[in-house]
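S.K.: Have a look at this one before I ask anything.
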Amino acid sequence: MLKEGDQAPDIKLLTDAAEAFELNGVRGKKVVLFFYPKASTPGCTVEACEFRDTFKKFEKKGVVVLGISKDSPKAQTRFKENQGLPFTLLCDEDKRVADAYGVWKEKNMYGKKVMGIERTTFVIDEQGKIQKIFSKVKPAGHAEEVLASL
């Protein structure tokens, strides 16, 4: 299990635009990496739109905002376009990054045990170390909570 102060696992994934992305490519900048279960679902839409609405404040602080789920580039593109999201969405279709970050977990959904992404946000510092972890995130108000922690 990752903890604050650990080196963030590297990420090599496709973006919503089906372009290659590496976390090392943004080294030197602070990163907010928020994992969400599924694009275009109610809670994920609330969370992503709150990051959209506070995006300029993150930008002013020089922070890179990245959303990540197991959705395909096509699904991520549709989500991004429909919600007007100004930040990059990453596609973890094989769930290896979610697994590396410890957010691929057994969850209880409508009384059934299922595997899925536990909504979690990581703040990664300029050297690639995990500065803060927000676990079991509630979507409403979360973007402001992350902003306040910076």
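S.K.: Taking segment 43-54, which residues are in contact (Cβ under 8 Å) with a residue 60 or more places away in the chain and among the hydrophobic types (A, V, I, L, M, F, W, C)?
M.R.: Of everything in segment 43-54, those that are in contact (Cβ under 8 Å) with a residue 60 or more places away in the chain and among the hydrophobic types (A, V, I, L, M, F, W, C) turn out to be Cys44, Val46, Phe51.
S.K.: Out of curiosity, is Phe35 open to solvent by less than 40 Å² (accessible area, probe 1.4 Å) and in contact (Cβ under 8 Å) with a residue 60 or more places away in the chain? Give the derivation first.
M.R.: Values: open to solvent by less than 40 Å² (accessible area, probe 1.4 Å): yes; in contact (Cβ under 8 Å) with a residue 60 or more places away in the chain: yes.
When the stated conditions are applied, Phe35 passes them.
S.K.: I'm trying to understand the selection: among the residues of segment 118-136, which are under 24 Å from Thr77 (Cβ atoms) and out of contact with any Ser or Thr (no Cβ under 6 Å at 6 or more places or on another chain)? Walk me through how you get there before you give the answer.
M.R.: So in segment 118-136, the residues under 24 Å from Thr77 (Cβ atoms) come out as 119-122.
Passing the criteria: Arg119, Thr121, Phe122.
S.K.: How many residues does segment 95-119 contain that are in contact (Cβ under 8 Å) with a residue 12 or more places away in the chain, of a type in the set (D, E, K, R) and surrounded by fewer than 19 Cβ atoms within 10 Å (Cβ to Cβ)? Show your work before the answer.
M.R.: The first filter runs over segment 95-119 and keeps only residues in contact (Cβ under 8 Å) with a residue 12 or more places away in the chain, leaving 95, 97-98, 100-105, 116-119.
This time we only want the ones that are of a type in the set (D, E, K, R), so: 95, 105, 118-119.
Narrowing further to those that are surrounded by fewer than 19 Cβ atoms within 10 Å (Cβ to Cβ): 95, 105, 118.
Residues flagged as in contact (Cβ under 8 Å) with a residue 12 or more places away in the chain, of a type in the set (D, E, K, R) and surrounded by fewer than 19 Cβ atoms within 10 Å (Cβ to Cβ) within segment 95-119 amount to 3.
S.K.: Name the residues in segment 1-22 that are over 21 Å from Gly84 (Cβ atoms), open to solvent by less than 20 Å² (accessible area, probe 1.4 Å) and either in contact with a Pro (Cβ under 8 Å, 6 or more places away or on another chain) or assigned to a strand (DSSP E or B) (or both), would you?
M.R.: Leu13
S.K.: Scan segment 55-75 residue by residue and report those that are more than 14 Å from Leu33 (Cα to Cα), touching a residue at least 60 places away in the same chain (Cβ under 8 Å) and out of contact with any helix residue (DSSP H, G or I) (no Cβ under 6 Å at 6 or more places or on another chain).
M.R.: Of everything in segment 55-75, just one residue is more than 14 Å from Leu33 (Cα to Cα), touching a residue at least 60 places away in the same chain (Cβ under 8 Å) and out of contact with any helix residue (DSSP H, G or I) (no Cβ under 6 Å at 6 or more places or on another chain), namely Lys61.
S.K.: Among helices (runs of 4 or more DSSP H) lying entirely in segment 37-145, which contain 2 or more residues that are among the hydroxyl-bearing types (Ser, Thr, Tyr) and either modelled with pLDDT of 95 or more or under 13 Å from the mean Cα position of the chain (by Cα) (or both)?
M.R.: 42-60
The values are calculated or read from the model by the stated rules, or taken from the named source; none is laboratory data. These numbers were taken from a predicted model, which means no experiment stands behind them. When we count neighbours, we look across all protein chains shown, and the Cβ atoms used for this are built from the backbone with ideal geometry, even at glycine. Ligands, DNA and RNA are stripped out before the accessible areas are found, and what is left, the full protein with its side chains, is counted by its heavy atoms. Shrake-Rupley method; radii C 1.70, N 1.55, O 1.52, S 1.80 Å.
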